[in-house]
Structure formats: structure tokens, C-alpha cells
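Please read the structure below before turning to the comments.
Please treat every number below as a calculation from the coordinates, not as lab data. Only a predicted model underlies this, so the values are computations on that prediction, with no experimental measurement involved. Glycine also receives a Cβ, built like all others from the backbone with ideal geometry; neighbour counts cover every protein chain displayed.
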Amino acid sequence: MIRSLLQVGMTVPELEVGRAFYELFGLGARVSGDDLVFRCEGSAQELLRLMPGTRKKLSYVSLGTNAPGMASLMANLQRHDVAIAGSPFGPMGGIWFRDPHGDWLNVQVAEPLPSDAAAPAEINAPGRYRRIGTRACDPSSQQKKARPRRMGHLIKFSPDVDRSVAFYTEVLGMKVSDRAGDVLAFLRGSAGGDHHIVAFAKSTHTGLHHLSFEVGDIDEIEIGAQTLLRAGYKDGFGLGRHVGGSNYFHYIRDPWNSLAEYFWDIDVIPEDDSAWISMDVTPQEVTAVWATTPPPPEFVVNYEERD
């Protein structure tokens, strides 16, 4: 059923503070009524919506499916007595309902729109020589910027990871890629694709742990992170490489203490996933193959206020 991540909506107390952060992060902003919406360069896909409110809150997650998937989802929602509601956040297509912990979900018959991002950088690797006779870096490389290509995934806090996993797999048709007991679980779409588009981390209440955006190479990860750090934003965790998903990463704290991640080179799981063996290991074992520093204690803290 669920095949993709389309959009995330957040309520924040200061829209312009959010604009400053996410524009420096590399996204483009435009005003939409009372809200701000953000896109990657060269794409019409509205990935992030900031709405004015008294405090920061993860307000909704919008997911994509196809027409047969929507029909199956509607039947599943009825079977599990999940009520369909009108849009709580203004005009927006698709259907709306709440997950077991009261968080809003939107599902649309849609796929993420493509971007016209530049071709990936050529790399020299043992047995694979693609860049010969040209420099990878010269003085102009200092002007390079992070250019997010798409929003890859989000991790949500959950007071009951097992219950969240049961709902998102049994009702929404998603699949578990890897997990760390009842502390952390990574879920992919029903038709394969990225290792995870939604994940759950254990906390006392719901909230946003991080949003993650794909960039073109490891240089862009660090150029983006260093740009934000020089501007005074707080470091989160990184540079490093995860075990769950295998992606390189660097996290930066947004103005409300959630995390924004640059990533590159994530695992992709085919629709025929018969050869994929899901891990169930400790949180420490799934966190990183290596990292420049250990994850700080606050990396797992939920800074959103409880409702």
C-alpha cells in the first residue's frame, strides 16, 4: 500500500526562523497562505510545510500510494475501525486519519515529483576508475553548496514502538527493514525502495526526531553541515556512517531542537525482498559503523512538549 513519503507538516512559533534555517540548509521557500512550504531546487514537490502556532510540533505526515493501494488501504482502515476525517490543516488532497498515538496521517494517490538535480559526482574506487586526468577538487570547490535532491525519510518518536510498527505494517502495508528490539524500527514502502522512509524511536510521547534529505555526495554532507555550524546552529551528530540503512550522515539541530540530516548512499531494497534478512540488534549496533564522535546523550531526547 504505502509506497513513498510525500510531505511533512510542522507547527512552529516563528515561521521566519524556520525559513532562515531551511533556506541555509539548501531548500527553497515560498509563502502559501499563512504557511511556508519548502522544495528542493529544481523540483515542484512541496516537501515541508511550516504552519504558525504557539509551539513546535510535528503536525502530520503525508504518504503516497497508487490506486490499488488506496483501495486496499480504505478496506484496511474500515477493518481496523480507523475513522477517516476531513483535513485538519486546510485544503489538501487524499484521506486523513490518526495513528494509534493520535498523530495525523495523510495518504494520497501520488508519487514524489522528480528533480533536475545534477548528475552524481564521479569517484575513483578500487577496480572502478571513472575520473582520470581531472581534479575532484580545485579552488572552485570551496564555493560548492549542499543541494538536497529529495526528502528521504523521517524518524518519529513513539511511546510504543511495537504498537506503531504493528499499525504501519498491518494497516498501511509497510515493511520492517531492520530494528533494535522495542527501541527503534526502520520501515520501508510496500514496493521496496529506500531502506526506510519512516522509522520509530522509543520515547515517553510522540514527536519528531529528524527529517532527512539526500545530497549528491559526502562533500555536500559536510559542506552543508559546516555552513550551518558556522551560522551558529547546533551540531547534532556526525559525520558518520549508519549500520541501519548504511548511509553517510550528519545531523544538525533545527531552531526547535529537532534534527535535520544530510544523507548519501542509503541501502535500496527491491520489491522482491525475499533475499533481504532483517536485523534485530541493539541500538548501539544499528547506529553507526563509524562516526567522528560518539552520539551525544541528547541525540535520543524528545524535545517536543507532550500534549
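Among residues other than His209 with Cβ under 10 Å from its Cβ, the summed charge is -1 (Lys and Arg +1, Asp and Glu -1).
Compared with the dominant principal axis of the Cα atoms in the chain, helix 218-230 is inclined by about 80°. Here the spin labels are modelled as points 7 Å beyond Cα on the Cα-Cβ line, and at Ser274 and Glu41 they lie 4.4 nm apart. Subtracting the Cα-Cα distance of Asp265 and Gln284 from 0.36 nm times their residue separation leaves 4.8 nm of extension gain.
The dipole here belongs to region 1-74: it is taken about the Cα centre, uses +1 on the Cβ of Lys and Arg and -1 on the Cβ of Asp and Glu, and is about 240 debye. Restricting to Cα pairs below 8 Å that are 6+ residues apart, what does the relative contact order work out to for region 38-132? Please round to a whole percent. The normalised contact order for region 38-132 reaches 33 percent. What is the Cα centroid distance between region 247-307 and region 106-163, reported in whole angstrom? Using only Cα atoms, the two centres lie 16 Å from each other.
Ranking Tyr129, His80, Gly207 by Cα position along the charge dipole of the chain, where only Lys, Arg, Asp and Glu carry charges on their C-beta atoms, puts Tyr129 farthest toward the positive end. Helix 161-170 axis versus longest C-alpha principal axis of the chain: approximately 80°, rounded to the nearest ten.
Taking each residue as 0.36 nm, the span from Phe89 to Val109 lengthens on full extension beyond its C-alpha to C-alpha distance by 5.4 nm.
Helix 67-79 axis versus longest C-alpha principal axis of the chain: approximately 50°, rounded to the nearest ten. Extension gain for Val301 to Asp34 (0.36 nm times residue separation, less C-alpha to C-alpha distance): 93.1 nm. Pairs of Lys residues in the chain, spaced 8 or more positions apart or belonging to different chains, with C-alpha separations under 26 angstrom: 13 in total.
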